[in-house]
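Data block below; observations after.
The values are calculated or read from the model by the stated rules, or taken from the named source; none is laboratory data. These numbers were taken from a predicted model, which means no experiment stands behind them. In this analysis, Cβ positions are derived from the backbone assuming ideal geometry, glycine residues included, and neighbour counts consider all displayed protein chains. Calculation scope for accessible area: heavy atoms of the full protein, side chains included, ligands and nucleic acids excluded. Shrake-Rupley method; radii C 1.70, N 1.55, O 1.52, S 1.80 Å.
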Amino acid sequence: MTVEVQSEATQVGAEVVVPQEEVEVAKKVVEEVEENNEKVREDEEEELEEETKPNAIEKSSSYREESNFLSDLKDNEKKALNELKSKVEEAILGNTLFKKEEISSKKGEGEEKKDAEENPDANEEVKEGELDVYVTDKEISIWGVPLLPSIGDEKTNVVLLKFLRARDYKVNESFEMLKKTLQWRRDFKIQSILEEDLGSDLAPAAYMNGIDNQGHPICYNIFGVLDDEELYNKTFGTEEKRNQFLRWRVQLMEKGIQQLDFKAGGVSSLLQINDLKNSPGPSKKEVRVATKQAVDLLQDNYPEFVAKNIFINVPFWYYAVHSLLSPFLTQRTKSKFVFARPAKVTETLLKYIPIHEIPIQYGGLKRENDLEFSVSDCKASEILLKPGSTETIEIPAVDVESTFIWDVMIVGGEVSYKEEFVPEDETSYTIIIQKDKKVCSPIRNAFKNTEAGKVVLTIKNSSSKKKRAFYRHKILF
């Protein structure tokens, strides 16, 4: 005999409208992108086939940044780094990075007295912001990292390598880029940008949320938000508003950089997710111009700060645009691009981000302001669902009058799913928590037991394709 308990699972869906007129133009580009990604998918599927039992999710090694350890650099890279360090040292000691009149005009008599008390070894100091640029006769720092090589801070090498890599290890070009960046930060008044209130209208358009498998902070850019006519006009209606948009975007970048440690074996870049669902098309001139300005600012003044640039919910017209721009991009830049059509969003993000850090709207387990699963108990386990197979997940429920909660996420398509409570006492009734039904979206449910037993989740994959199931559970009280 069974007793039925009704509950509802969370539903998440997505639709994409593909402009037919661009299909033929983009078809070849789409095929090339899919071809490049196919081998990675096949390798991951082979690894999954070896798994026979539920396992804790491990960090992906699907992409690695270039090492910042000196011992890992090639000889020509070491030579370029040493040459750049010499140039930076000479410029700082010679006070040639900034005009002397600009430096001296920044200080008042009271500031000089305070500087002498706090740093008696410095001849002169100008402080422009805690994480920005500090100018002294013998010291200058950026993003909280001292640039004077003779100080011996390992973080200095990490920062200088960013400029070198952005200019293919051409020392003179790297040095000029560094100088221009320092000057731009002063002119743009970066020193005050973190404290500025730039409004909350654009908060849903871009934000920092979570970390990836390698510890990179994740920045989400939600372009569909800008399709709202009222917000669009409010953000891009005038040149002044477009400049405000640029300042807001730079502020977000600075907030992300605060989470970096700039250590040789640490984290010194971000992962960027660009959601193009419902994004304004190429016909929206204002957003196109403002976005290009933002991209140019970030490329010129934040070199090598993006570990990977992932584009999801990519419409066909974007492939066409990208194919036109691709010849003008460096191989280094192109190697950081990843594209995913709507049907492949979750699958693609899982290569770089653990399931518990992927927002629920993208097929992950992360919910905003989640009161049930905390950071310490949010990790999930994974089961491979082979074609035609049935798998069960058992949650022990030994303590009576306890409330159990669980999350389940299916990746790869629809499956049959049901939930039951099976009492330890064979004479008791099995309770149906959720009747058998087809699911492909995130599920969260809870159950309070009145006797010892176990919660059994049954997943059946009737298709001919492999799928993956992620789950986690805990006792609430």
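Looking at region 272-291, is at least one residue among the basic types (K, R), open to solvent by less than 50 Å² (accessible area, probe 1.4 Å) and closer than 25 Å to V411 by Cα? Scanning region 272-291, I find no residue that is among the basic types (K, R), open to solvent by less than 50 Å² (accessible area, probe 1.4 Å) and closer than 25 Å to V411 by Cα, so the answer is no.
Go through the residues of region 198-206 one by one and say whether even a single one is open to solvent by 20 Å² or more (accessible area, probe 1.4 Å) and either among the polar types (S, T, N, Q) or in contact (Cβ under 8 Å) with a residue 60 or more places away in the chain (or both). There is at least one residue in region 198-206 that is open to solvent by 20 Å² or more (accessible area, probe 1.4 Å) and either among the polar types (S, T, N, Q) or in contact (Cβ under 8 Å) with a residue 60 or more places away in the chain (or both). Scanning region 135-182 for residues that are in contact with a Lys or Arg (Cβ under 8 Å, 6 or more places away or on another chain) and hydroxyl-bearing (S, T, Y) gives T156, S174. Applying a threshold of 7 Å to beta carbon distances and a minimum spacing of six or more residues, or different chains, the list of pairs starting in region 146-173 at a residue that is not assigned by the TED database to the domain that holds E304 and ending at one that is open to solvent by 30 Å² or more (accessible area, probe 1.4 Å) and of a type in the set (S, T, N, Q) reads Y169/N76. Within region 199-214, does at least one residue satisfy the condition of being more than 30 Å from I358 (Cα to Cα), modelled with pLDDT under 95 and not in a helix (DSSP H, G or I)? No, that holds for no residue.
Within region 439-453, if we keep just the residues that are in a strand (DSSP E or B) and charged (D, E, K, R), the residue that is least open to solvent (accessible area, probe 1.4 Å) turns out to be R444. Taking the options D399, D370, name whichever one is open to solvent by less than 50 Å² (accessible area, probe 1.4 Å), modelled with pLDDT under 95 and not assigned by the TED database to the domain that holds L270. None of the others qualify; the one that does is D370. For region 309-347, the tally of residues that are among the polar types (S, T, N, Q), at negative phi and touching a helix residue (DSSP H, G or I) at 6+ places or on another chain (Cβ under 8 Å) stands at 3.
Of all the residues in region 210-223, those that are more than 16 Å from R249 (Cβ to Cβ) and open to solvent by 20 Å² or more (accessible area, probe 1.4 Å) number 4. Being under 20 Å from the mean Cα position of the chain (by Cα), farther than 17 Å from A206 by Cβ, open to solvent by 20 Å² or more (accessible area, probe 1.4 Å) and in the same structural domain as Y207 (by the TED database) is true of D261.
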